[in-house]
Amino acid sequence: MPLAEIFSKHPEHRYIMFGGKGGLGKTTFSAATAYYLARKGHRVLIFSVDPQASLSDIFEQDIFGQGKVELMENLFACEVDADRRIHEYQDQIRRKILDMYGMSEIPEEIESYIRAASAEPAMEESAIFDAVVDIVVEGGFDYYIYDLVPLGHALYYLSMGAIYDAWLEKITGLREQMRQYDEAISTMKRQGQTSEDQIYQELLDIKNRIGASSRIMTDPKRTAFYFVLTPEEMIIEDTRKAAHLFSQYRVPINGYVVNRVISRGLLEQNIPEYLRHRIDMQRGALESIRTAFGDRVLAYVPEFDSEIKGWAAIKSLAEVMYEESLP
Ligand SMILES: Nc1ncnc2c1ncn2[C@@H]1O[C@H](COP(=O)(O)OP(=O)(O)OP(=O)(O)O)[C@@H](O)[C@H]1O
Ligand SMILES: [Mg+2]
């Protein structure tokens, strides 16, 4: 079934993700899909947490860390500045500690604890995850296209539960730590009693927020996940392995999109030998793809003669992917 048909048949799939290894075309396909859906009259937000600012690159506009930027009618983009999120996150913790214990300054021991805690990868992922939660929970769009980083075929997504646990543990740990300081700072405390309840309420809120959004993002009724691959044996093998892993986590894959297929029509022309070889290699690989994924391949996208950047290229690609002329 062609990609366009899937989208029109499943309007309930409002969260769209393209996964796959690095550099295969996730950002390119995300941008083309966002363009296509916006041109069809839907309100679309494409977002990423990639520090490389690849949306800024492909749309040729400075989007990074600027919140939601309107790119054209119905199309908005957001590139989360993860570093800044981490700092904001640290500040938030600081403010809470100050507030809860009525301190005017953070004791050095606690300050170094906060610094150590935020240097950990779990903290970074939590801050990033929190940013994604914010975007999804806020609402306001018909479609959300999450341009994923190549992190192990978006295993990031599957491990969300674990990240969230690590985060809670961190916060709970911080709460423990605070208890140890209780004695020393008891004289500075405002109201020891209510601060405990405050922390607990905080934890509960976070838990509910994350629970709600992670249910949305992994719900097969609302989320569609597509794998990007190219006609190369090694990539096909990696994709098969990743697909198997996904099925173990019970994350449904909605289909595969093959990128960078070189036109066989070129063989009729006077082309260099290396290109003939590549076309030949691709023929074998495309055969393997048919064997491995069959009719779950939703589109074959040709190799373009230049990088895909800027509106004209995005539009051409969208027209090929969705087999439709677009305004
Ligand atoms: N069909 C194509 N024809 C020509 N160039 C392409 C095609 N698809 C993608 N590219 C180019 O390949 C490069 C990598 O594509 P892209 O950035 O979309 O990959 P990615 O999977 O998002 O990478 P990363 O894993 O680093 O995020 C880009 O320069 C893009 O313009
Ligand atoms: Mg990318």
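Remarks
- In this structure, the pairs whose alpha-carbon distance is over 24 Å, taken from LYS9/LYS68; LYS9/LYS309; LYS40/LYS68; LYS9/LYS315; LYS68/LYS96; LYS40/LYS221, are LYS9/LYS68; LYS9/LYS309; LYS68/LYS96.
- Phi to ³J(HN,Hα) by Karplus 6.51 cos²θ - 1.76 cosθ + 1.60 over region 219-226, Hz, x for Gly, Pro: 7, x, 6, 10, 10, 10, 10, 10
- Environment charge of ARG278, counting only residues whose C-beta is closer than 12 Å and scoring Lys/Arg +1, Asp/Glu -1: 0
- Ordering LEU3, LEU266, LEU286 by accessible surface, largest first, gives LEU266, LEU286, LEU3; the 1.4 Å probe counts only protein heavy atoms, with every chain in place.
- With a 1.4 Å probe rolled over the protein heavy atoms of all chains, the accessible area of PHE304, PHE59 falls in the order PHE304, PHE59, largest first.
- Accessible-area value, HIS277, 1.4 Å probe, nucleic acids and ligands omitted, Å²: 120
- For the pair GLN61 and SER306, label points projected 7 Å from Cα toward Cβ lie 2.0 nm apart.
- Karplus 3J(HN,Hα) series, Hz, for region 312-327 with 6.51 cos²θ - 1.76 cosθ + 1.60 (x for Gly, Pro): 4, 5, 4, 4, 4, 5, 4, 5, 6, 4, 9, 6, 7, 6, 10, x
The values are calculated or read from the model by the stated rules, or taken from the named source; none is laboratory data. Source: prediction; values computed, not measured. Positions of Cβ are generated from backbone atoms using ideal geometry, with glycine treated the same way; all protein chains shown enter the neighbour counts. Just so you know, the surface numbers come from the protein's heavy atoms only, side chains and all, with ligands and any DNA or RNA stripped out. Shrake-Rupley method; radii C 1.70, N 1.55, O 1.52, S 1.80 Å.
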